Amino acid sequence: MNKKWWKESVVYQIYPRSFNDSNGDGIGDLKGITLKLDYLKELGIDVVWLSPVYKSPNDDNGYDISDYQDIMDEFGTMKDWEELLDGLHSRGMKLMMDLVVNHSSDEHNWFVESRKSKDNEYRDYYIWRPGKDGEEPNNWTSFFSGSAWQYDEQTEEYFLHLFSKKQPDLNWENPVLRKEIYNMMTWWLEKGVDGFRMDVINLISKADGLPSAPGGKRYDWGGEFFMNGPRVHEYLQEMNREVLSKYDMITVGECPGASPEDAARYANDEGTELNMIFTFEHMDLDSGPGGKWNVKPWKLADLKQVMTKWQKELEGRGWNSLYLNNHDQPRMVSRFGNDTEYRVESAKMLGTFLHMMQGTPYIYQGEELGMTNVRFDSLEDYNDIEIHNMYREKVIEGNEDHDKIMNAIYIKGRDNARTPMQWDDSKNAGFTTGTPWLKVNPNYREINAENALKDPDSIFSYYQKLIKLRKEHEIIVYGTYDLILEDHPSIYAYTRTLEDEKLVVICNFTGEEATFRLPENITYNSAEVLIENYRFEENDSLSSLDLKPYETRVYLLK
Ligand code: NOJ
């Protein structure tokens with residue numbers, strides 16, 4: 001058992017634009033976060049992952065960086081950032097910064113130079129190619145719709161951008177660029193940051209020759225040629241040698257399209273690459289063959305299969321990260337639970353389901369309040385570039401039905417996660433005294449932190465308990481996982497085992513009652529309930545339990 005502090009930690013993600021606005025400009029900022037550090041301490045988290053706060057023209061809300069060593073004006077100054085870091089450290093919490101180095105902003109000085117001429121010293125910091133027969137160099141599609149290539153008149157070549165055309169991909173083949181990045185990372189680590197969450201880090205190596213996706217379509221998904229590419233492990237091992245191995249830090253790589261086999265290398269237990277990765281397999285369960293916007297209902301059997309696969313295949317080899325929310329995903333309670341009648345019960349159940357698995361749990365701001373998806377009537381109320389590009393392609397250019405696409409936005413749009421944090425029931429949920437950059441979810445009068453902090457039965461209080469249990473019971477961190485009741489249509493149940501202890505985690509994923517029966521091969525001398533989301537009935541027997549809607553319980557058996 002390879003014990004590490006980052007395996008024992010709980011991470012809390014802050015999307016700074018939406019967390020807390022201290023100066024009334026409608027945009028969350030660093031000082032606003034510092035004002036809320038006691039709230040985070042009270043929740044009990046160990047590490048804050050801060051989405052990007054660097055200089056950025058905000059084409060993709062900070063994921064397009066124009067200066068990696070400076071702070072975005074809307075968010076404050078370097079001094080504000082240092083105060084935030086000190087405030088976290090003095091309370092015993094750590095800071096993980098977002099590292100976005102698959103691409104930069106087109107306004108980064110490297111790119112400004114790079115596009116000037118073919119022999120500019122920064123030319124090879126990016127991926128430039130001549131067109132083919134008057135068309136793009138290959139048929140890859142951007143994650144944000146349309147071609148992944150943009151023609152640039154100045155030098156009559158195309159540059160690659162897997163995201164928006166203001167996010168040109170960096171050329172990791174270039175050792176000089178890699179060195180610049182390692183130096184920049186070291187600069188932040190020397191300033192005292194405790195780790196990095198690495199944005200789409202498994203896209204940094206593109207296949208030799210940048211081949212078109214087969215099939216002959218002008219625009220096609222070329223993912224197999226840029227996800228988990230040929231040199232990605234070489235680059236990460238180099239980064240590890242040059243930077244990561246020199247610090248006692250936490251790293252997590254965002255890795256779309258990675259399998260558990262890939263993860264066992266990225267997040268290997270010997271520590272030669274990263275600590276852990278974010279997988280997307282469980283986030284894709286409600287996507288049809290047409291991708292994210294082709295919404296289909298997810299199935300409990302698939303969730304069991306995917307989660308179990310990742311738990312078992314990384315066991316003893318690598319480490320999982322555990323999440324159901326982030327700034328790119330709809331709210332978990334609307335997606336996997338019930339955001340009306342059983343909002344509180346299902347939010348607690350989902351938290352239990354996740355925190356009791358093996359891996360490091362991530363909480364996304366507002367998850368601890370049970371914040372829900374939002375439905376804005378007008379497309380104009382949405383801010384996200386992904387939503388607007390997709391709408392233009394599908395409805396304006398593609399003649400798809402407006403209502404159908406709006407419905408997909410309600411279910412899957414990233415702005416569901418980005419509505420301002422709901423602090424109290426005052427105007428704009430206490431997020432800002434000005435006009436918020438994105439509208440507040442109208443349910444803030446009921447769902448807000450002030451209410452949650454007063455209520456011992458709130459989701460917040462329940463999350464406090466989940467986090468505390470992790471500190472008290474080693475089995476929650478290090479126990480091995482096994483699925484039980486595999487075929488049960490409404491209950492997801494699993495065990496964790498460590499030496500002579502066993503946890504039994506029981507989750508009813510439906511709004512109906514359900515009966516749980518303990519498999520006969522699980523025997524025990526004593527059973528203690530560690531946490532449950534309904535009041536415990538003394539005469540309940542673990543061998544056969546009648547569960548209420550979205551009921552969850554965790555038993556510790558000895
Ligand atoms: C993944 C980030 O989480 C997302 O918000 C961003 O748009 C893309 N990477 C591009 O940086």
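The values are calculated or read from the model by the stated rules, or taken from the named source; none is laboratory data. Bear in mind the structure is a predicted one, so any value in this text is a computation, not a measurement. Every residue, glycine as well, gets a Cβ built from its backbone with ideal geometry; the counts of neighbours run over all protein chains shown. In case anyone asks, the SASA skips ligands and DNA or RNA and just uses the protein heavy atoms, side chains included. Shrake-Rupley method; radii C 1.70, N 1.55, O 1.52, S 1.80 Å.
Within region 387-407, can you find the residues that are in contact with a Ser or Thr (Cβ under 8 Å, 6 or more places away or on another chain) and under 26 Å from residue 253 (Cβ atoms)?
If the condition is that a residue be in contact with a Ser or Thr (Cβ under 8 Å, 6 or more places away or on another chain) and under 26 Å from residue 253 (Cβ atoms), then 389, 390 are the ones that fit.
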Practice item. Tell me, please, whether a residue that is under 23 Å from residue 471 (Cβ atoms) and either open to solvent by less than 60 Å² (accessible area, probe 1.4 Å) or within 15 Å of the ligand (Cβ to nearest atom) (or both) can be found in region 66-86. Key: no
Check your understanding: Which of the following residues is open to solvent by less than 60 Å² (accessible area, probe 1.4 Å), of a type in the set (Val, Ile, Thr), within 16 Å of residue 352 (Cβ to Cβ) and not in a helix (DSSP H, G or I): 515, 510, 497?
Key -> 510
Practice item. Return yes or no: is residue 170 out of contact with any Cys (no Cβ under 7 Å at 6 or more places or on another chain), open to solvent by less than 20 Å² (accessible area, probe 1.4 Å), more than 16 Å from the ligand (Cβ to nearest atom) and among the aliphatic types (A, V, I, L, M)? Key: no
Point to revise | region 60-87, subset part of a loop (DSSP other than H, G, I, E, B) and in contact with a Phe, Trp or Tyr (Cβ under 9 Å, 6 or more places away or on another chain), residue farthest from residue 431 (Cα to Cα) | key: 66
**Study point:** In region 186-213, residue most open to solvent (accessible area, probe 1.4 Å) [restricted to those that are more than 16 Å from the ligand (Cβ to nearest atom) and among the β-branched types (Val, Ile, Thr)]
**Key:** 186
Review point. Can you tell me how many residues in region 268-278 are over 16 Å from residue 49 (Cβ atoms) and either outside any loop (DSSP other than H, G, I, E, B) or of a type outside the set (Ser, Thr, Tyr) (or both)?
Key: 5
Check your understanding: Which condition does residue 163 not pass, out of (1) within 16 Å of the ligand (Cβ to nearest atom); (2) of a type outside the set (S, T, N, Q); (3) open to solvent by 10 Å² or more (accessible area, probe 1.4 Å); (4) touching a Pro at 6+ places or on another chain (Cβ under 9 Å), if it passes all the others?
Key -> (4)
Exercise for review: Pairs only if they're at least six apart or on different chains, beta carbon under 9 angstrom, first in region 188-200 and at pLDDT below 95 and in a loop (DSSP other than H, G, I, E, B), second within 16 Å of the ligand (Cβ to nearest atom) and of a type in the set (S, T, N, Q); list them, first residue then second.
Suggested key: none
Review point. Going through region 40-59 one residue at a time, which ones are touching a helix residue (DSSP H, G or I) at 6+ places or on another chain (Cβ under 7 Å) and open to solvent by 10 Å² or more (accessible area, probe 1.4 Å)?
Key: 44, 59
Study note, to complete from the structure: Of the candidates 36, 41, 55, the one satisfying the condition of being charged (D, E, K, R), within 16 Å of the ligand (Cβ to nearest atom) and farther than 21 Å from residue 247 by Cα is 55
Review point. Quick one: is residue 552 among the polar types (S, T, N, Q) and either over 33 Å from the mean Cα position of the chain (by Cα) or open to solvent by 10 Å² or more (accessible area, probe 1.4 Å) (or both)?
Key: no
Point to revise | Selection from region 111-135 of residues that are farther than 21 Å from residue 175 by Cα and either touching a residue at least 40 places away in the same chain (Cβ under 8 Å) or within 16 Å of the ligand (Cβ to nearest atom) (or both) | key: 135
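Out of curiosity, is residue 158 away from the ligand (no atom under 16 Å from the Cβ), open to solvent by 10 Å² or more (accessible area, probe 1.4 Å), in contact with a helix residue (DSSP H, G or I) (Cβ under 6 Å, 6 or more places away or on another chain) and not hydrophobic (A, V, I, L, M, F, W, C)?
No.
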Review point. So how many residues does region 368-400 have that are assigned to a helix (DSSP H, G or I), within 16 Å of the ligand (Cβ to nearest atom) and either crowded, with 21+ Cβ neighbours inside 10 Å or not polar (S, T, N, Q) (or both)?
Key: 5
Practice item. Check 534, 524 and return the single one that is assigned to a loop (DSSP other than H, G, I, E, B), over 21 Å from residue 364 (Cβ atoms) and in contact with a Lys or Arg (Cβ under 6 Å, 6 or more places away or on another chain). Key: 534
**Study point:** Tally of residues being within 20 Å of the chain's Cα centre (by Cα), among the aliphatic types (A, V, I, L, M), assigned to a helix (DSSP H, G or I) and surrounded by 20 or more Cβ atoms within 10 Å (Cβ to Cβ) across region 300-346
**Key:** 4
Point to revise | Filter result for residue 428 (on the phi > 0 side of the Ramachandran plot and surrounded by fewer than 17 Cβ atoms within 10 Å (Cβ to Cβ)) | key: no
**Study point:** Evaluation of residue 541 against (1) closer than 23 Å to residue 367 by Cα; (2) open to solvent by less than 60 Å² (accessible area, probe 1.4 Å); (3) modelled with pLDDT under 95 (one fails), failing number
**Key:** (1)
Check your understanding: If you check 167, 237, which single one turns out to be touching a His at 6+ places or on another chain (Cβ under 8 Å) and not acidic (Asp, Glu)?
Key -> 167
Review point. Does residue 147 meet the test of being among the hydroxyl-bearing types (Ser, Thr, Tyr) and either without any contact (Cβ under 8 Å) to a residue 24 or more places away in the chain or within 16 Å of the ligand (Cβ to nearest atom) (or both)?
Key: no
Study note, to complete from the structure: Within region 236-257, of all residues that are assigned to a helix (DSSP H, G or I) and touching a Gly at 6+ places or on another chain (Cβ under 9 Å), the one farthest from residue 181 (Cα to Cα) is 245
